[in-house]
1. Which residues, counting only those in region 368-382, are in contact (Cβ under 8 Å) with a residue 40 or more places away in the chain and surrounded by 16 or more Cβ atoms within 10 Å (Cβ to Cβ)?
2. Among the listed residues Ser320, Ser220, identify the single one that is at pLDDT below 95 and either closer than 15 Å to Val183 by Cβ or of a type in the set (Gly, Ala, Ser) (or both).
3. What number of residues in region 59-115 are among the acidic types (Asp, Glu) and touching a Phe, Trp or Tyr at 6+ places or on another chain (Cβ under 9 Å)?
4. Of all residues in region 190-210, which are out of contact with any strand residue (DSSP E or B) (no Cβ under 8 Å at 6 or more places or on another chain) and either outside any loop (DSSP other than H, G, I, E, B) or within 16 Å of ligand 1 (Cβ to nearest atom) (or both)?
5. Of all residues in region 43-64, how many are within 12 Å of the chain's Cα centre (by Cα), within 14 Å of ligand 1 (Cβ to nearest atom) and not in a strand (DSSP E or B)?
6. Just one of Phe68, Phe130 is in contact with a His (Cβ under 8 Å, 6 or more places away or on another chain) and away from ligand 1 (no atom under 16 Å from the Cβ); which is it?
7. For residues that are over 17 Å from Phe332 (Cα atoms) and among the β-branched types (Val, Ile, Thr), scanning just region 261-285, find the one that is surrounded by the most Cβ atoms within 10 Å (Cβ to Cβ).
8. Scan the strands (runs of 3 or more DSSP E) fully inside region 401-498 and keep the ones with 3 or more residues being of a type in the set (A, V, I, L, M, F, W, C).
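The values are calculated or read from the model by the stated rules, or taken from the named source; none is laboratory data. Predicted model only: the values in this text are computed from it and were never measured. Cβ placement follows ideal geometry from the backbone for every residue including glycine, while neighbour counts extend to all protein chains displayed.
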Amino acid sequence: MASPKTTRRPAPQGDTATEVKVVFLGGLGEIGRNCAAVEIGDRILLIDCGVMFPEPDMLGVDVVIPDFTWLLERKDKIDGVLLTHGHEDHTGAIRYLASHVDLTVYGSAMSCALARPRIEDAHLLRHVTFVEVADNERRRIGPIDVEFLPTSHSVPGAHALVLHTPQGIILHSGDFKIDQTPVDGRRTDLARMGELASTEGIRLLLSDSTNAEEPGWTASESSVGPALKAIFREHPDQRIIVSCFASHLHRMQQIINAAELTGRKVATLGRSMQRNVELGLKLKLLHARPETIVKLETMDKLAPGKVCVISTGSQGEVTSAMTLLAKGSNRFLTLEVNDVVILSAHPIPGNEFGVGRVIDDLHRRGVEVVHSGHHHVHVSGHARRGELSLLMQVTKPEFFIPVHGEFRHMVHHAELAEQMGMAPSNVLVCEDGDVVKLSSTGLALGAPVPAAYTYVDGNVVDVGGAVLHDRRVLADEGVVIVAVSVDLKSKKLLGTPLIEAKGWLHGDEMDQLLARGGAEVTKAVSEALREDGANQALIEKAAKRALGRYVGEKTRKKPMVLPVVLVSS
Ligand SMILES: [Zn+2]
Ligand SMILES: [Zn+2]
């Protein structure tokens, strides 16, 4: 729901033919599963369709995706998915939607190329048509014209989207920063945004809130290059292994430049890194001398000072190349004392623990670790307050909704807009599931739509909150299973209760407790059998309650108690 500080106005009457709705299906209140639907008349354009990586308490969950309930009820109306860029938090859920409905996906060549493998892995490519768009292309998609404006971000080919709707222009910033010296020379197109603002006017701005709490400007990506070169120069006789995001071609370009400058060959480690280097070279987004990129196997023949490896795993992911390297269990490469490892990334919130463990393990192996905590080997891909306010100044929107962020990021972004003179009534802090309606009378909230977290575990979509609750109890407290056999006719307990426990206590202590717990169950079940109408459910309840109470009193723990009652007749 929208926050109390937002202005709730009744939806205006009339003018429904040209009313434009924006339905936020994800990304507002979390970093991830970015997805918004724009409904114009009875047609729908989707902006991004991403996944969120699970939080530590989402046990066994692979990814979290948007709730598609509202969308699937209208699946025949979807004219396309517009990609702001290729990161997984914007593209990773297309495969789950494509299993229900055929989709046409519009984005830059890089955005499409990054979105493709996940869909291909799921054998759903035949349900998705990719349409590559050029920078500044204006294209009719469904009921409206869409312009794709270049933006700088931590992946090439990012776009802000200009939607020319019957209610005026909606500008979606996508993930962006205002990098005046980007590695590829492709700047955020403030000029076109300003032109639109001063001619047609921008009705509604949706803008990236990730760094809305951070003052000043995000440093230019090109400022990382000199730091990398300095480290390469300072270690002329040591192997250098650098990890960064596999889609961050601008960072990879600067690593390659530093390697070429210091006479090193470059090999990749990790499947996505290898795939994206090949992709970058093919799309001419990455440039290297023909002899620079070599296979990892050939590195053994080179002197240490000639070696540079670019690896995945900058986020401490359990099975990533860097984590395995740190543990000494990567079968393609073994770290040695004196190797230099550069972590050219910053942990995403939630990943700090995993990254810290990797850094510790790297130290244990005697390697020299360089990370963003003490060297300028990483900059963010998201705009800070200085850039966010500049975007607002250039676009002069009538209405503003912060998107892409934790709730606090969006609140700070909204406050920034108000500091810049926007009327508080024209700034709306929304959350997942909120619906806003843009009409000639203004912007108003509509009835919210379902937007719960949808958990994916293996091939099972929508594992459900109850399953996760059970997993948490099992992980925290363990499970105790009690089996009893009863004869309902003679109202007798047959034999003694069998009790098994896992993940609870162990050894003699547990055996003694379980023996006494069994006596409690015998007593409770015998009493329950004597009650009128005693049945299986009643016996189960009595066994569960007796054992649960006993275990709770003795251990102050609440394991899951699973009663099994066998009824003989
Ligand atoms: Zn993002
Ligand atoms: Zn991004």
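1. Taking region 368-382 and keeping what is in contact (Cβ under 8 Å) with a residue 40 or more places away in the chain, we get 368, 370, 375-382.
Result: Glu368, Val370, His375, Val377, His378, Val379, Ser380, Gly381, His382.
2. Working: Ser220 fails: at pLDDT below 95.
After applying the criteria, what remains is Ser320.
3. Going through region 59-115 one residue at a time, the tally reaches 4.
4. Pass one, region 190-210, residues out of contact with any strand residue (DSSP E or B) (no Cβ under 8 Å at 6 or more places or on another chain): 190-191, 194-195, 197-199.
Listed by number, the residues that qualify are Leu190, Ala191, Gly194, Glu195, Ala197, Ser198.
5. 4
6. Numbers: Phe130 fails: in contact with a His (Cβ under 8 Å, 6 or more places away or on another chain).
The match here is Phe68.
7. To start, the set of residues in region 261-285 that are over 17 Å from Phe332 (Cα atoms) comprises 261-264, 276-285.
Keeping just the survivors that are among the β-branched types (Val, Ile, Thr) gives 262, 277.
On the way: Thr262: 18, Val277: 21.
Per the stated criteria, the residue is Val277.
8. On the way: elements: 435-439, 442-445, 454-457, 479-487.
Ranges flagged: 435-439, 442-445, 479-487.
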